[in-house]
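Novice: Below is the structure I would like to discuss, written out as structure tokens.
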Amino acid sequence: MVKVAIVGATGYAGVEALRLLSGHPAAAVTYLASYSQAGQAIGSVYPHLGAVGAMHMGPPDPEAIAAVAEVALLSLPARKSLELAPMLLRRGMRVVDFGADFRLRDERAYAQYYDGAHTAPEWLLDAVYGLTEFHRDGIATARLVANPGCYPTAALFALRPAVAAGAVMTEDLIIDAKSGVTGAGRQLSLATHFAEADDNVWPYKLAGEHRHTPEIEQELALAADGPVRVTFSPHQVPMARGLLATCYARLRHPWTTAEALACYLEAFAGEPFVQVLQEGLPATKATLGTNCVQVAVRVDARVRLLVAVAAIDNLGKGAAGQAVQNLNRMFGLEETLGLPRIGLLP
């Protein structure tokens, strides 16, 4: 039985990880940590947890965590893992970091997008980017896995097969993505206030300002074996959870929808969590509560564009579900353990 600690247990991604692991046949949560609510039962914050809610949260103390767990899931804001993750790693633990602190290989990009210098650069080369379908071998032996962002997850599933096949131009990829309000975290802000979020859709951090831009470009560049540039336009939509990315890429040569579909079916053949739709289009509701991603592609021959769409649950495949899949891979378990593949509908 793999012993797991969840640090940042009261965040949306942290509690989703607890929910998933409570039914895991080969893993057990042995420590919950909170920076702000240590000493309280997790059920006092989230009454839906039932018997699991009786677990009490402790402080994010590396010694206490390492004494009872062998892997830590860190569900923390940016820059919070820079200190804690190395302390856990030096105590022999393995770490899956939900945040962005170890995703970027370029320290300068990190400093630009995350408000200051990276303070643990010695761990960057050891960290493996945690999108399992694309980095499976590295994750199996990794001590530190950098869980991907929710927006990059959807964008990479939508675009990577076409980029890897050399079918599209990589200088001006366009990603139009929309996420539910849980993507903004549990901390109340004007953007997540009911009166602002309900019945409203708006874009934010356009024209290269969003922190996920360099992450997407980094991972697509690996597939392209060369530089990639994206225009990433995120939007908040009035739903609790779910994320849809519609991506546009100029074709290098004539390509039909049938040929594009064949490329994606081959790229994701045998992947238990990837559904390449041959009919119909992805929808967030179809992935709700799961670790699945739905993908569809169309070619607009009139303007020589590939249109690729991906839908995920931002707290599932976009966060906690992906982390559990990585945990399974790290410990030699079947990747599907503890992870639902049938969505909640209606």
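Novice: Just to check your reading of the model, which residue among Ala72, Ala17, Ala64, Ala9 is part of a helix (DSSP H, G or I) and surrounded by 18 or more Cβ atoms within 10 Å (Cβ to Cβ)?
Specialist: Only one candidate qualifies: Ala17.
Novice: Would you be able to say whether some residue in the range 196-204 is among the acidic types (Asp, Glu), without any contact (Cβ under 8 Å) to a residue 12 or more places away in the chain and part of a helix (DSSP H, G or I)?
Specialist: Looking for residues that are among the acidic types (Asp, Glu), without any contact (Cβ under 8 Å) to a residue 12 or more places away in the chain and part of a helix (DSSP H, G or I), one finds at least one in the range 196-204, hence yes.
Novice: Would you say Gln322 is surrounded by 23 or more Cβ atoms within 10 Å (Cβ to Cβ), at pLDDT 95 or above and polar (S, T, N, Q)?
Specialist: It is true that Gln322 is surrounded by 23 or more Cβ atoms within 10 Å (Cβ to Cβ), at pLDDT 95 or above and polar (S, T, N, Q).
Novice: I've got another one for you. Could you say whether any residue in the range 242-263 is within 30 Å of Leu124 (Cβ to Cβ), in contact with an Asp or Glu (Cβ under 6 Å, 6 or more places away or on another chain) and buried (at least 16 other Cβ atoms within 10 Å of the Cβ)?
Specialist: So far as the range 242-263 goes, no, none of its residues is within 30 Å of Leu124 (Cβ to Cβ), in contact with an Asp or Glu (Cβ under 6 Å, 6 or more places away or on another chain) and buried (at least 16 other Cβ atoms within 10 Å of the Cβ).
Novice: I'd like to check something: does the range 119-127 contain any residue that is within 18 Å of Leu222 (Cα to Cα) and not hydrophobic (A, V, I, L, M, F, W, C)?
Specialist: Scanning the range 119-127 turns up at least one residue that is within 18 Å of Leu222 (Cα to Cα) and not hydrophobic (A, V, I, L, M, F, W, C).
Novice: Would you point out the residue of the range 75-85, among those that are buried (at least 23 other Cβ atoms within 10 Å of the Cβ) and free of Cβ contacts under 8 Å to residues at least 60 places away in the same chain, that is nearest to Leu125 (Cα to Cα)?
Specialist: That would be Ala85.
Novice: In the range 206-239, what count of residues is obtained for those that are exposed (fewer than 14 other Cβ atoms within 10 Å of the Cβ) and touching a Leu at 6+ places or on another chain (Cβ under 9 Å)?
Specialist: Selection size over the range 206-239: 0.
Novice: Which residue, of Leu333, Leu327, Leu344, is in a helix (DSSP H, G or I) and either surrounded by fewer than 24 Cβ atoms within 10 Å (Cβ to Cβ) or in contact (Cβ under 8 Å) with a residue 40 or more places away in the chain (or both)?
Specialist: Sole residue among the options that is in a helix (DSSP H, G or I) and either surrounded by fewer than 24 Cβ atoms within 10 Å (Cβ to Cβ) or in contact (Cβ under 8 Å) with a residue 40 or more places away in the chain (or both): Leu327.
Novice: Right, something else. Just one of Gln112, Gln40 is polar (S, T, N, Q) and touching a His at 6+ places or on another chain (Cβ under 8 Å); which is it?
Specialist: Exactly one of Gln112, Gln40 is polar (S, T, N, Q) and touching a His at 6+ places or on another chain (Cβ under 8 Å), namely Gln40.
Novice: Residues that are touching a residue at least 60 places away in the same chain (Cβ under 8 Å) and closer than 22 Å to Gln322 by Cα: does the range 50-62 have at least one?
Specialist: No, the conditions are met nowhere in the range 50-62.
Novice: A further question on this structure: For the range 75-92, indicate whether the set of residues that are of a type in the set (Asp, Glu) and part of a loop (DSSP other than H, G, I, E, B) is non-empty.
Specialist: Within the range 75-92, none of the residues are of a type in the set (Asp, Glu) and part of a loop (DSSP other than H, G, I, E, B).
Novice: As an exercise: evaluate Pro25 against (1) in contact (Cβ under 8 Å) with a residue 60 or more places away in the chain; (2) in a strand (DSSP E or B); (3) more than 21 Å from Gly99 (Cα to Cα) and give the number of the one condition it does not meet.
Specialist: Against the list (1) in contact (Cβ under 8 Å) with a residue 60 or more places away in the chain; (2) in a strand (DSSP E or B); (3) more than 21 Å from Gly99 (Cα to Cα), Pro25 comes up short only on (2).
Novice: So which residues in the range 127-169 are within 22 Å of Ala296 (Cα to Cα) and polar (S, T, N, Q)?
Specialist: Thr132, Thr153
Novice: Here are some residues: Ala258, Ala240. Which one is at pLDDT below 95 and more than 20 Å from Arg211 (Cα to Cα)?
Specialist: After ruling out the rest, the residue left standing is Ala240.
Novice: Considering the range 134-182 alone, what residues qualify as being part of a helix (DSSP H, G or I), closer than 14 Å to Leu220 by Cβ and of a type outside the set (A, V, I, L, M, F, W, C)?
Specialist: His135, Tyr151, Pro152, Thr153, Arg160, Pro161
Novice: More than 20 Å from the chain's Cα centre (by Cα), modelled with pLDDT of 95 or more, of a type in the set (A, V, I, L, M) and surrounded by 20 or more Cβ atoms within 10 Å (Cβ to Cβ): is that true of Leu88 in this structure?
Specialist: Criteria met by Leu88.
Novice: I've got another one for you. Just wondering, is there one or more residues in the range 293-311 that are under 25 Å from Thr192 (Cβ atoms), in contact with a Phe, Trp or Tyr (Cβ under 8 Å, 6 or more places away or on another chain) and in contact (Cβ under 8 Å) with a residue 24 or more places away in the chain?
Specialist: yes
Novice: Ok, one more. Which is more than 30 Å from His212 (Cβ to Cβ) and charged (D, E, K, R), of Asp97, Asp61, Asp101?
Specialist: Of the residues listed, the single one that is more than 30 Å from His212 (Cβ to Cβ) and charged (D, E, K, R) is Asp61.
The values are calculated or read from the model by the stated rules, or taken from the named source; none is laboratory data. Here the structure is a predicted model, which means the values were calculated and not measured. Virtual Cβ from ideal backbone geometry, glycine too; neighbours counted across all protein chains shown.
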